[in-house]
Every structure is written in C-alpha cells, then in structure tokens.
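Below is one structure, written out as structure tokens; comments come after it.
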Amino acid sequence: ARAASAAIVGACMDVPLMARLNAALHGSLEPRLDPEALYASKRGMLDRLDSFTRALARVLGVSARDAASVMPGIFACLIGCHHLASPPPHLAALYDRDDMAPFRFDFARLLGTSLRDLFLGHLAGLPEVQG
C-alpha cells in the first residue's frame, strides 16, 4: 500500500499538470466536449488505465480485477486532495492567516496518506487467499 501510494504521488509530483487536469476534467473540461470527442477521450483513457491497473495489481499483490475496483477511489483521492491543497487565490490568502492553518494542506502528504489508507482498507476487505 505504501509503495503504490508513493508511486502515484511521485508521478503527480513529476508531472504536476496531470493532477491539475485530472481535478478539472470532470467539472470543467469534459462537460464542454461534444459526445464523440468525449467518447474518444474516454477510450484513450481506458487504454492507458489498463496498463496502470496491471502495474497497481502487481504492486498491491492483488488481481487486476481487484486493482480495477479501487480506481474510482484513486480518482476521488486525486481530485479531492488537489482541490483541498490548491484553493483559489482568495481562499489561499485567507488560509495564510495563522488561525487558518488547519485549512492548509500539502498535496503530496495528503494524497499519499489518503491513497495509503484507501489501499489498506481495500486490501483488508478482500478475502484471504489460501496458499
């Protein structure tokens, strides 16, 4: 769980635009696409997610099906953590005040902890494999 969350956080930190675009995808970008462009975008995403899911399955030691079932949670963590850690300028200025410290979030730390907990919870819910 730690290795998988660290790898995802590392990818987000290596390509910061990825997290920003993913956070904007559902609320701002996709609603503006015509249905065929949206379909093409989603088909391309499925192809890329397939290799990611297989890699995640290897790291977590689960089946590809079990890894795929955690994907919505990964998206939710990525989107939510980005929104919390990247407030609009007027909120960021407010959060700079000392008494507003509880509203300041470090994206990498928040995402890493959230993903680790997601993976641990997911793994705990899987039936034990008899070997």
First in the range 48-61 and touching a residue at least 60 places away in the same chain (Cβ under 8 Å), second anywhere and open to solvent by less than 80 Å² (accessible area, probe 1.4 Å), Cβ under 6 Å, 6 or more apart: Leu60/Ala4
Which residue, of Leu115, Leu94, is hydrophobic (A, V, I, L, M, F, W, C), at pLDDT 90 or above, over 17 Å from Cys12 (Cβ atoms) and out of contact with any Pro (no Cβ under 6 Å at 6 or more places or on another chain)? Leu94
Criterion violated by Ala23 - all others in (1) of a type in the set (Gly, Ala, Ser); (2) loosely packed, with under 15 Cβ neighbours inside 10 Å; (3) touching a residue at least 24 places away in the same chain (Cβ under 8 Å); (4) in contact with a Ser or Thr (Cβ under 8 Å, 6 or more places away or on another chain) satisfied: (2)
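The rows are residues; the columns are (1) more than 25 Å from Ala7 (Cα to Cα); (2) part of a loop (DSSP other than H, G, I, E, B); (3) open to solvent by 50 Å² or more (accessible area, probe 1.4 Å); (4) among the aromatic types (Phe, Trp, Tyr).
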| site | (1), (2), (3), (4) |
| --- | --- |
| Arg58 | no, no, yes, no |
| Ile74 | no, no, no, no |
| Leu78 | no, no, no, no |
| Leu84 | no, no, yes, no |
| Asp99 | yes, no, yes, no |
| Pro102 | yes, no, yes, no |
| Arg116 | no, no, yes, no |
| Gly121 | no, no, no, no |
Residue check for Ala108: free of Cβ contacts under 8 Å to residues at least 60 places away in the same chain, in a helix (DSSP H, G or I) and out of contact with any Pro (no Cβ under 6 Å at 6 or more places or on another chain): no
Check on Gly44, assigned to a helix (DSSP H, G or I), open to solvent by 60 Å² or more (accessible area, probe 1.4 Å) and more than 17 Å from Ile74 (Cβ to Cβ): no
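So that you can scan it fast, the table gives a plain yes or no per residue for (1) surrounded by fewer than 15 Cβ atoms within 10 Å (Cβ to Cβ); (2) within 20 Å of Met13 (Cα to Cα); (3) of a type in the set (Val, Ile, Thr); (4) at pLDDT 95 or above:
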| position | (1), (2), (3), (4) |
| --- | --- |
| Glu36 | yes, no, no, no |
| Phe52 | no, yes, no, no |
| Val62 | no, no, yes, no |
| Pro88 | yes, yes, no, no |
| Ala124 | yes, no, no, no |
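The values are calculated or read from the model by the stated rules, or taken from the named source; none is laboratory data. Just so it is clear, the structure is predicted and the values come from calculations on it, not from any experiment. For neighbour counting, all protein chains shown are included, and Cβ atoms are generated from backbone atoms with ideal geometry for every residue, glycine included. Side chains are part of the model used for accessible areas, which takes the heavy atoms of the whole protein and leaves out ligands, DNA and RNA. Shrake-Rupley method; radii C 1.70, N 1.55, O 1.52, S 1.80 Å.
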